[in-house]
Structures are given as structure tokens and as C-alpha cells.
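Here's the structure we're looking at; comments come further down.
The values are calculated or read from the model by the stated rules, or taken from the named source; none is laboratory data. No experiment lies behind these values; they were computed from the predicted model shown. As a convention, Cβ positions derive from the backbone with ideal geometry for all residues, glycine included, and neighbour counts pool all protein chains shown.
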Amino acid sequence: MVVIAFLSGCGTKAPSTSNPAGPAQSVQPSSANPESSGSTPGSSSSTDKTLPSGSMISASQLAAGMKANDAWQIIDVREPNEFASGHIEKAMNMPLGNITSHLNEISKDKEVILVCLNGSRSFTAWQILTQKGYTPNNVKVLVGGMEQWKNLGSGEVTESIGGC
């Protein structure tokens, strides 16, 4: 039942991780959730609403990469109060609404991992970054966002003390 709620609320479909080299998969945001429509102010309605499998990362893949000390830039696109209530260690808070004004802080030389509550805002951030010239497979969305990270059990969550 939790998985069903995740799929309908997230607007993304979890990828199959059994064969990472398998055929390309895509995630499509739910049209029932306006936050996951992929549209941003000023964006074209013809914007592609699919996420290639190479642009997705699972919570377990992220945890393994962090243990292996992969040089990723983790960007949490939630609002500051959400970030303060708990975030992935070493994540930088950059709310979705501010992404375009902070492009100079987002590396084009490292893999960028985008995080939000459940994956929908990260998908929108992925669209913005790829439209701004970032390589799609170097920008990854944490499938299921912080909800899946917390469900992983071993995914550490850092809380900010004293507000944002």
C-alpha cells in the first residue's frame, strides 16, 4: 500500500534496478499533481516530460556512492524549512524557484544529484538544468526523494539546528 501511495503521489515511477545496463526507461510525472507537471514559469508546453533511466539514481545507489566517496554534488531543491527538518549529508540547499539564478554554483564537471521530498521537484530541476546545457546523464534525480532515502534505513539524515 505504501508503494502505491508513493507512485501516485510522487509523479514518478521507480526504475528497475535489476539490470542497470538494460533498455532505457522513462519516468513520466503524473498530470494529477500540478507540482509534477514539469512546467515552470515561462517554460514551453512542448517540454519533454520523460526522464531517461541514465538520469535516475535510487536511494541505495546514492548511499553506496557516498560510501565510495563519489565526487557528486548533491542539491536539495526543497524549501529551506524542509531542508532544515532533515537532509542528506553534504547536500546544498537550492530551492527549485532559485535554480536558474544559481547556475554558476552547479558544477558541469561533476555528477549532480537532485533531491526533493518525493522526486517531482527534482524532475523539474532536471528539466531546467538540461535545457540550460547540462548533460542529461550527468544530472540525476533521486527517485522517490527524501521519502525513499529515509525508508532506506541506512540513509543518514542531517538536521539543521536553529532554523534555516
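Tabulated data
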| quantity | calculated |
| --- | --- |
| Residues within segment 136-157 that are hydroxyl-bearing (Ser, Thr, Tyr) and either in contact with a Ser or Thr (Cβ under 6 Å, 6 or more places away or on another chain) or at pLDDT 95 or above (or both), tallied | 0 |
| Selection from segment 125-148 of residues that are in contact with a helix residue (DSSP H, G or I) (Cβ under 7 Å, 6 or more places away or on another chain) and assigned to a helix (DSSP H, G or I) | Ala125, Trp126, Ile128, Thr130, Pro136, Asn137, Gly145, Glu147, Gln148 |
| Residues of segment 47-64 satisfying the condition of being without any contact (Cβ under 8 Å) to a residue 40 or more places away in the chain and of a type in the set (Gly, Ala, Ser) | Ser53, Ala64 |
| Subset of segment 61-73 (residues that are of a type in the set (D, E, K, R) and surrounded by 13 or more Cβ atoms within 10 Å (Cβ to Cβ)) | Asp70 |
| Residue count for segment 74-99, restricted to those that are out of contact with any Asp or Glu (no Cβ under 9 Å at 6 or more places or on another chain) and either surrounded by fewer than 17 Cβ atoms within 10 Å (Cβ to Cβ) or assigned to a loop (DSSP other than H, G, I, E, B) (or both) | 7 |
| Residue within segment 108-123 that is at pLDDT below 95, at negative phi and among the small types (Gly, Ala, Ser) present | yes |
| Filter pass, Lys67 being of a type in the set (Lys, Arg) and free of Cβ contacts under 8 Å to residues at least 24 places away in the same chain | yes |
| Selection count where residues are surrounded by fewer than 21 Cβ atoms within 10 Å (Cβ to Cβ) and among the polar types (S, T, N, Q), scope segment 101-126 | 3 |
| Within segment 48-79, considering residues that are out of contact with any helix residue (DSSP H, G or I) (no Cβ under 6 Å at 6 or more places or on another chain) and β-branched (Val, Ile, Thr), the one modelled with the lowest pLDDT | Thr50 |
| Test result for Ser36, over 13 Å from the mean Cα position of the chain (by Cα), within 19 Å of Val139 (Cα to Cα), at pLDDT below 50 and among the hydroxyl-bearing types (Ser, Thr, Tyr) | no |
